[in-house]
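Read the structure below first, then the notes.
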2 protein chains.
Amino acid sequence: MTDPSAPQMTAPVSHPEQDGRGQDGRGQIIDGKAFARNLTATIAREVEIFHDRHGITPGLAVVLVGNDPASEVYVRNKALQTHRTGMLSFMHMLPESTSQAQLLNLIDRLNRDPEIHGILVQLPLPKHIDATLVTNAIDPRKDVDGLGEVNAGRLSLGLEGIVPCTPLGCLLLLRHELGSLRGLDALVIGASNLVGKPMAQLLLNEGCTVSIAHIDTRDTPALARRADILVVATGHRGLVRGDWIKPGATVIDVGITRIPTEGGKTRLVGDVAFDEARHVAARITPVPGGVGPMTIACLLRNTLTAARLCAGD
Amino acid sequence: MTDPSAPQMTAPVSHPEQDGRGQDGRGQIIDGKAFARNLTATIAREVEIFHDRHGITPGLAVVLVGNDPASEVYVRNKALQTHRTGMLSFMHMLPESTSQAQLLNLIDRLNRDPEIHGILVQLPLPKHIDATLVTNAIDPRKDVDGLGEVNAGRLSLGLEGIVPCTPLGCLLLLRHELGSLRGLDALVIGASNLVGKPMAQLLLNEGCTVSIAHIDTRDTPALARRADILVVATGHRGLVRGDWIKPGATVIDVGITRIPTEGGKTRLVGDVAFDEARHVAARITPVPGGVGPMTIACLLRNTLTAARLCAGD
């Protein structure tokens, strides 16, 4: 049995046809899984070259507090993928009862550890710990989630820094599909610190005309119908309907909701009504297999970036 | 002769009528000068109360490098107004030949000086000095211009911090005129780090649906015609015409261009064609006397805020 998450050097990455439509007349599906696999393979090669040049192996420390089952799966995947690209991978799994002072103490040690180039604290944290305080305690040069105030500020100011993984993954897909984004009308639905706000800033830095819609927006469908690029990150399954979409638009669906199926199993669905949207959009990411796989790939990329900055590479 | 910039406790602040129109049927002029005067008077009282409570007088250090005549006027005004509100005011006027290392050394001393709660380095700096490096060398707790990466990040993440003076001034005017901004459609024209980007983030934090237009935007007039709030900060005099404006909108003109007049003198004009716009907008800031006076008032406010944060007030 082959492991579908293992890097495959030969995996093809989808290329849009001229009009962005598949042979069946529907919008093309953006294969985030294949793109992420190629990106991960590229990173693995670059890790080797980096090691040859500097004698340094990039290292990522992943910190989990408590026993949230989903978080346990996420951190295990992150640590495993890090290991597979040839980087050093450290996991710190702490009990729910860990105090804020203990966690800050660990972060301080990791900040000073020369083997560690990236630190990721898995969110959410237990309620007795101030997540903002902890996130900002990570040395900005090691903040590979890009969620601290310094990296948020550098992104906002258009300076070089570490960009949050999910919006970075969306941007890499968009650049690959569309080339230059300059002058395109973009709408981001959802204004979270994790996705919506950094996504809007990335698109602005690319020269898009950017709008952000959220819970207080009066007429999101009307805004969506004008968008060449539509990025949806709300967590409301199926929120965006086919008639919200401008014909020919590129749709990036960041939402992931797990729903039960008839056979007693579960499956993942996005924030966009995929079957409807695909008839209108030129290109669209599926759920699963769209943005999801890009997030971990971008974490690996950020860890390599952090090691490079550290080495003055 | 009375000094028109001196705080006048009795100065009235304009209040919009129910429909936001003046008796002449045109949009109401937002009196930024009166608002700034009242704000400054309030700050002067709060400085006194703060001193009574903590025995501390807030102190602002303004640093000028070189001999740009406009900058000389600005820093003199800032230092003078600081002094007039009862705060300690320090000016450091350095020659054009000042090296980057010398400037960084001064900032380091000011960062460690307990009498100084706010540090402002007047921009632009001479070409041989890296303005980003200098701005980020200021202790974020003393960065009263709010232009460093930490305060930019805190604004972006919706955390408490120090907000750049000009967009803060615009927001105070908007809140005063409109009350809650939640759900309103806002367009910011101009995407600078100094005004456009922080303005967009402030409006987003207030619950507006925010769009940003800039040099690469295809159809700025169409976007403007949908905006309940229009903030213009481009430096292109008269760019925004009357037919760009949604009837009943509130227009904030940040632009300031000095143009020659017939008598051999000069006058200031904004980015909005004021006489046209006033027939369509419900409320509009004039140039001069709109946003301009708010900027220094907000610098004083930020200095007091910094002193308060320092004292744990």
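The values are calculated or read from the model by the stated rules, or taken from the named source; none is laboratory data. All of these numbers come straight from a predicted model, not from anything done at the bench. Positions of Cβ are backbone-derived with ideal geometry, glycine not excepted, and every protein chain shown enters the neighbour counts. Heavy atoms of the whole protein, side chains included, go into the accessibility calculation; ligands, DNA and RNA do not. Shrake-Rupley method; radii C 1.70, N 1.55, O 1.52, S 1.80 Å.
Listed here are the residues, each with its yes/no results for (1) closer than 15 Å to A:Val62 by Cβ; (2) in contact (Cβ under 8 Å) with a residue 40 or more places away in the chain.
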position	(1), (2)
A:Asn77	yes, yes
A:Gly86	no, yes
A:His92	yes, no
A:Gln102	no, no
A:Ile107	yes, yes
A:Arg112	no, no
A:Glu115	yes, yes
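Could you grab me the full set of residues in the range B:186-199 that are facing another protein chain (nearest Cβ under 7 Å) and either farther than 27 Å from B:Val150 by Cβ or not basic (Lys, Arg) (or both)?
Just the residues of the range B:186-199 that are facing another protein chain (nearest Cβ under 7 Å), to begin with: B:191, B:193, B:197.
Hits for the range B:186-199 are B:Ala191, B:Asn193.
Just checking, does the range B:159-181 include any residue being modelled with pLDDT of 95 or more, surrounded by 22 or more Cβ atoms within 10 Å (Cβ to Cβ), facing chain A (nearest Cβ under 7 Å) and assigned to a helix (DSSP H, G or I)? No, the range B:159-181 has no match at all.
Residues being without any contact (Cβ under 8 Å) to a residue 40 or more places away in the chain and part of a strand (DSSP E or B) are represented in the range A:213-222 by at least one member.
Given the structure, is B:Asp216 under 15 Å from A:Ala186 (Cα atoms), facing chain A (nearest Cβ under 10 Å) and open to solvent by 20 Å² or more (accessible area, probe 1.4 Å)? Criteria met by B:Asp216.
Can you list the strands (runs of 3 or more DSSP E) lying wholly within the range A:237-293 that have 2 or more residues being within 23 Å of A:Ala200 (Cβ to Cβ) and of a type outside the set (Asp, Glu)? The qualifying strands (runs of 3 or more DSSP E) are A:250-253. If the condition is being more than 20 Å from B:Thr295 (Cβ to Cβ) and open to solvent by 20 Å² or more (accessible area, probe 1.4 Å), then the range B:240-256 contributes B:Arg241, B:Asp243, B:Trp244, B:Lys246, B:Pro247, B:Gly248.
Applying the selection to the range A:123-157, what residues are open to solvent by 20 Å² or more (accessible area, probe 1.4 Å), part of a loop (DSSP other than H, G, I, E, B) and more than 9 Å from chain B (Cβ to nearest Cβ)? Talk me through it step by step, then tell me what you get.
To start, the set of residues in the range A:123-157 that are open to solvent by 20 Å² or more (accessible area, probe 1.4 Å) comprises A:123-125, A:127-128, A:130-133, A:135-137, A:139-142, A:145, A:147, A:149-150, A:154, A:157.
So of that shortlist, the ones also part of a loop (DSSP other than H, G, I, E, B) come out as A:123-125, A:127-128, A:130, A:139, A:145, A:147.
Within the range A:123-157, A:Leu123, A:Pro124, A:Leu125, A:Lys127, A:His128, A:Asp130, A:Asp139, A:Asp145 qualify.
Just one of the listed residues (B:Leu223, B:Leu202) is open to solvent by 10 Å² or more (accessible area, probe 1.4 Å), more than 9 Å from every other protein chain (Cβ to nearest Cβ) and either within 23 Å of B:Arg241 (Cβ to Cβ) or at pLDDT 95 or above (or both), namely B:Leu202.
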